[in-house]
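Peer 1: After the structure tokens below, expect a handful of questions from me.
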Ligand code: CTP
């Protein structure tokens, strides 16, 4: 991609909340900071940015078109509505893989017996985009791995038909959820791997966008 100026960039960020009943949900520790940093950097270098963000307290510039969502299904629907017009899709959200199969209409009351909640799969947004990807559309996935990192990440890149995949390491202190710093490696579909140092999420966002622009 020779330049990102004027290009339409869609970014997913943050966690998703999967409702159990009107007051409870299944969530995760994602803060949204990494995805929002990418959105801010894409805006700074001239892209037209849409941010589809799960529940997060992190603010974003008013020049970013932000769509706030709750569940994986909400995020899927919002992405699918816009995907066709986008040049670059960056999926940094920590989407829940499972959700309660039945959402209780009323608050579940405590009882002496154990409670079992049956879960079902959520739609995989990245995999769906990979299946529908059109020519000249660039798809960037994220992977958070704790073991066999590179091997798993490569498998994910191929399976979900990504052009680039950002591998997040949880092995390093200061990297990952909630922190202001992160350490990533970026793999591409031609088998190139670039490994970066621990740095601020704003700097990591610059590395990710530089890699997208340099990708052929
Ligand atoms: N992702 C998505 N929709 C989902 C689950 C994940 O779009 N329902 C995206 C994430 O935003 C990320 C990538 O898929 O870009 C990888 O997510 P991850 O949870 O690491 O991979 P999974 O395929 O869910 O595999 P696993 O949890 O088994 O490692």
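The values are calculated or read from the model by the stated rules, or taken from the named source; none is laboratory data. All figures in this text were calculated on a predicted structure; none of them were measured in a lab. Every residue, glycine as well, gets a Cβ built from its backbone with ideal geometry; the counts of neighbours run over all protein chains shown.
Quick grid of which residues meet (1) in a helix (DSSP H, G or I); (2) closer than 30 Å to residue 119 by Cα; (3) in contact with a strand residue (DSSP E or B) (Cβ under 9 Å, 6 or more places away or on another chain); (4) within 16 Å of the ligand (Cβ to nearest atom):
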{"position": "11", "(1), (2), (3), (4)": "no, yes, yes, yes"}
{"position": "25", "(1), (2), (3), (4)": "no, yes, yes, yes"}
{"position": "28", "(1), (2), (3), (4)": "no, yes, yes, yes"}
{"position": "31", "(1), (2), (3), (4)": "no, yes, yes, yes"}
{"position": "34", "(1), (2), (3), (4)": "yes, yes, yes, yes"}
{"position": "37", "(1), (2), (3), (4)": "yes, no, yes, yes"}
{"position": "41", "(1), (2), (3), (4)": "yes, no, no, no"}
{"position": "50", "(1), (2), (3), (4)": "no, no, yes, yes"}
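Peer 1: Determine if the range 161-171 includes at least one residue that is under 17 Å from the mean Cα position of the chain (by Cα), away from the ligand (no atom under 12 Å from the Cβ) and outside any loop (DSSP other than H, G, I, E, B).
Peer 2: First, pick out the residues of the range 161-171 that are under 17 Å from the mean Cα position of the chain (by Cα): 161-170.
Next, from what is left, pick out any that are away from the ligand (no atom under 12 Å from the Cβ): 163, 169.
When the remaining residues are screened for being outside any loop (DSSP other than H, G, I, E, B), the result is 169.
Within the range 161-171, one or more residues are under 17 Å from the mean Cα position of the chain (by Cα), away from the ligand (no atom under 12 Å from the Cβ) and outside any loop (DSSP other than H, G, I, E, B).
Peer 1: Can you find a residue that is under 14 Å from the mean Cα position of the chain (by Cα), in a loop (DSSP other than H, G, I, E, B) and modelled with pLDDT of 90 or more anywhere in the range 144-157?
Peer 2: There is no residue in the range 144-157 that is under 14 Å from the mean Cα position of the chain (by Cα), in a loop (DSSP other than H, G, I, E, B) and modelled with pLDDT of 90 or more.
Peer 1: Report yes if some residue within the range 58-81 is closer than 14 Å to residue 125 by Cα, in contact (Cβ under 8 Å) with a residue 60 or more places away in the chain and surrounded by fewer than 19 Cβ atoms within 10 Å (Cβ to Cβ); otherwise report no.
Peer 2: no
This table checks each residue for (1) farther than 21 Å from residue 39 by Cβ; (2) touching a helix residue (DSSP H, G or I) at 6+ places or on another chain (Cβ under 6 Å).
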site: 148; (1), (2): yes, no
site: 182; (1), (2): no, yes
site: 192; (1), (2): yes, no
site: 201; (1), (2): no, yes
site: 215; (1), (2): no, no
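Peer 1: From 133, 154, grab the single residue that is away from the ligand (no atom under 13 Å from the Cβ), buried (at least 16 other Cβ atoms within 10 Å of the Cβ) and over 20 Å from residue 33 (Cβ atoms). Quick ask: steps written out before the conclusion?
Peer 2: Working: 154 fails: away from the ligand (no atom under 13 Å from the Cβ).
Residue meeting the stated conditions: 133.
Peer 1: Every residue in the range 108-130 that is away from the ligand (no atom under 15 Å from the Cβ) and surrounded by 11 or more Cβ atoms within 10 Å (Cβ to Cβ), please. Give the steps one after another, and end with the answer.
Peer 2: Residues of the range 108-130 that are away from the ligand (no atom under 15 Å from the Cβ), as a first pass: 108-118.
Within the range 108-130, 108, 117 meet the criteria.
Peer 1: Which of the numbered conditions does residue 46 fail, given that it passes all the others? Conditions: (1) part of a loop (DSSP other than H, G, I, E, B); (2) over 28 Å from residue 204 (Cα atoms).
Peer 2: (2)
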